[in-house]
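Scroll down for the structure; my scribbles are underneath it.
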Amino acid sequence: LGASITFGWGVEDDATYPANLARFVGVEVINAGMPAAKPGHIAQWLTIHASTIDADVVVFGARPNWDVPNPIQDYTNAVMASEAAIAPAQLAIILPPISTFDPLGVRESANEAKQLRDALQGRPILELTDAFRERQKGPGVVMETDGSTQRMVRLPNRELVAEGSGSGDHLAPEIIAAFEEDHTLVEPLFFDGGHPDAKGYKLFAEQVAQYLRDNRWVPSP
């Protein structure tokens with residue numbers, strides 16, 4: 001379960017991360033991703049449908065909703081409601097990767113996983129941003145931030161492509177203009193500012209498969 005990343009926005013059905021996950025772990029995987037779903041939506045859906053899907057493991061793939069007054073508590077409530085809905089099945093908590101071109105996500109990510117681990121009292125959480133960053137070697141572009149300054153640089157040499165001042169959670173006009181002027185510019189493992197490309201979805205599934213094996217929730221190969 002999750003939003004458009006789980007749904008597989010931007011790729012064919014057989015290239016989504018749930019489809020890749022099914023191949024990697026050798027079990028049936030039901031893709032119930034819902035574009036624009038927030039943690040609370042996922043919990044509500046499970047409350048209604050958990051008994052009909054009868055899953056052994058439910059993958060809860062979402063980051064906190066920063067549009068609500070207390071995002072961490074909202075997320076915690078959603079996790080606990082989901083666990084109650086699917087019991088005795090396991091709930092696997094996944095934080096989807098953050099694009100370097102997501103100013104809000106980049107700013108909040110430093111403490112987000114720590115706050116969630118504290119609030120969720122030791123439940124295992126898979127944060128995927130680090131795995132994506134490690135594989136972003138190029139070719140392509142990424143954004144580097146220094147205060148309000150945003151720089152688009154080209155990998156692997158970090159050649160400057162565009163630079164500007166971002167306002168709050170928004171991209172600098174110069175960064176947006178660079179993308180509009182050159183449609184070949186793309187962030188490695190992403191096809192836009194939030195959704196993985198086919199390689200990114202495969203990496204997503206590989207990481208989730210290993211996390212599920214490490215927790216003994218699916219058979220080892």
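Placing unit charges on each Cβ (+1 for Lys and Arg, -1 for Asp and Glu) gives the chain a dipole about its Cα centre, and among G2, A81, N157 the Cα reaching farthest toward its positive end belongs to A81.
Solvent-accessible area of region 86-183 (1.4 angstrom probe, protein heavy atoms only): carbon and sulfur portion equals 47 percent. Placing +1 on each Lys and Arg Cβ and -1 on each Asp and Glu Cβ, with no other charges, gives region 58-126 a dipole about its Cα centre of roughly 180 debye. Expressed per residue, the C-alpha convex hull volume of region 66-152 stands at 119 Å³. Per-peptide packing, taken as the mean over residues of other Cβ atoms within 10 Å, places 22-31, 41-50 in the sequence 41-50, 22-31 from highest down. Put simply, the convex hull of the Cα atoms in region 125-168 casts, on average, a shadow of 4.0 nm². Distance between Cα centroids, region 142-189 to region 1-29: provide it in whole Å. Result: 29 Å between the Cα centres.
With helices as the sole contributors, the chain gives -13000 deg cm²/dmol at 222 nm; each DSSP H run of n ≥ 4 counts as -39500 (n - 2.57), and the sum is divided by every residue. For region 56-63, backbone phi angles converted through the Karplus equation (6.51, -1.76, 1.60; θ = phi - 60°) give residue-by-residue couplings of 8, 9, 10, 8, 9, x, 7, 9 Hz, Gly and Pro being listed as x.
The values are calculated or read from the model by the stated rules, or taken from the named source; none is laboratory data. As the structure is a computational prediction, the values presented were derived from the model and not from experiment. Neighbour counts run over all protein chains shown; Cβ positions are idealised from the backbone, glycine included. Just the protein is used for accessible areas: all its heavy atoms, side chains included, with ligands, DNA and RNA removed. Shrake-Rupley method; radii C 1.70, N 1.55, O 1.52, S 1.80 Å.
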